[in-house]
Structure formats: structure tokens, C-alpha cells
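The structure appears below as C-alpha cells.
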Amino acid sequence: MAIDWFPLWLSLKVAALSTVIAVALGLWIAYALAYRAFRGKELADALVSLPLVLPPTVLGYYLLVLLGRTSPIGKLYEAITGGPLVFTWQAAVIAALFHSLPLLIKSTRAALESVEPGYARAARSLGASEWRIFSRVTLPLVRRPILAAAAIAFARSLGDFGVTIMIAGNIPGRTQTIAVAIYDAVEAGNGEVARTMVLVISAVALLILWAANRLSPHQVQP
């Protein structure tokens, strides 16, 4: 039986884009939570963690309301692009982003907080700006754990189902990711297609997890 590999390529594209965005947003949010004192910090931390405990369908419903055609964001997007945001592959990117971002923020914050404060104090005493301290001192010290967190975020984005099907739907050749395609194949009784896709996505995920382990800061080299 011929297998349509579009869902795999779409999933890889969606995961790559969502991971790039997650790293950019995650670094900024994790930095604020790790090093900044502000009112409502505990609430902000709780909001960051909320997607980790909410059912995916609940998170998908929130995003559907937030991004739908009648919402301000949905109307703005449609005015700019000429089409709705929901039930597009771009919506799948947003779904994957919200599925993976909290985990990346948590891991990145932990890495930032593990850096010895003396390094920053020494750089500050030499007149370095906060941005220079972060980019030239702190970031190089936590590069490996952040890359490992990015790899995990990529794998998590690759396997999203609940949020994706809520806001991106299941449109073959347009928004059908591999997780949704596997579900479709099982529902249709296409065991061969389902098994093949499951093995492929499992192999990809295993490779990503192996890379993340290699990036662990405590990796013992033979």
C-alpha cells in the first residue's frame, strides 16, 4: 500500500519552525523568571506551567477562541493575509509552540539559575552591560542544556495531536500532521500504514532524544 509521506514532512516543518520560535521566546521568558523580580512573578510562572497540566483539548479550545475568525487576532490575521488562521499549517505551528514552549522555558530557567553568580558580578565590575553579560558570559555557559531543551521541544512539537487537531484540523495534504495521520490510519483499519508511520516517527524521536542526551552538560565522554 502506498504511503503518503506529506504528514511527516509537514510535521518536521512545523516542529522546526515552532522550535525556533520557542527558543527565542523561551530564552526571554526564562531570563525574566530567573533574574528579574517583578510583581506577579509567581502567577507568571504558573501561567507558563499551565499548558503542561491542562488537557490538550482544553488548550486547543482556548487557542481556537483566541485565534478564531471572530477574535481580534483572527480578524487582524485575515485582514493581512486574506485568509483565516485556524485550520492552516500555520495554526499547527502555533499548536506545536504552545505544546512545547513551557517545557523549554522550565529547562532553560533551571539552566540559567545554575550559573554561578560570581561570573556575572565579575563581568559587571568590569563595566559590562546586562545584555553583554547574558550574551557573552551566561549564554555560553548554558549553551549545551539549552540545545538539549530545544531538541526535546522539537520532539514534543513533532508528536502533538490534541492541540493540533483542535485548531489546525485534519485536512489531508494541508494540515494533516503525522500524529493525526496515524490516528486516521488506525480508524480506517489501515494497519500497515499506521505501523509504518509509527515506526518512522519512533525512530525520529529516538534519534532526537539521543542527540539531547549527547548535549547533556554532564555527559561523560569515553
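The values are calculated or read from the model by the stated rules, or taken from the named source; none is laboratory data. Since we're looking at a predicted model, the values are computed, not measured. Here the Cβ positions follow ideal geometry from the backbone for every residue, glycine too, while neighbour counts run over all protein chains shown.
Numerical summary
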{"item": "Unmet criterion (only one of (1) under 27 Å from residue 90 (Cβ atoms); (2) hydroxyl-bearing (Ser, Thr, Tyr); (3) modelled with pLDDT under 90) for residue 216", "result": "(1)"}
{"item": "Segment 190-207, residues that are crowded, with 17+ Cβ neighbours inside 10 Å and within 21 Å of the chain's Cα centre (by Cα)", "result": "201, 204"}
{"item": "Matching residues in segment 28-57 - criterion: being of a type in the set (Gly, Ala, Ser), under 22 Å from residue 143 (Cα atoms) and in contact (Cβ under 8 Å) with a residue 24 or more places away in the chain", "result": "30, 34"}
{"item": "The lone exception for residue 73 - which of (1) β-branched (Val, Ile, Thr); (2) in contact with a Ser or Thr (Cβ under 8 Å, 6 or more places away or on another chain); (3) free of Cβ contacts under 8 Å to residues at least 24 places away in the same chain it fails", "result": "(2)"}
{"item": "Lone unmet requirement of (1) at pLDDT 90 or above; (2) closer than 24 Å to residue 11 by Cβ; (3) crowded, with 16+ Cβ neighbours inside 10 Å for residue 24", "result": "(3)"}
{"item": "Residues (out of contact with any helix residue (DSSP H, G or I) (no Cβ under 9 Å at 6 or more places or on another chain) and closer than 22 Å to residue 32 by Cβ) located in segment 48-69", "result": "53"}
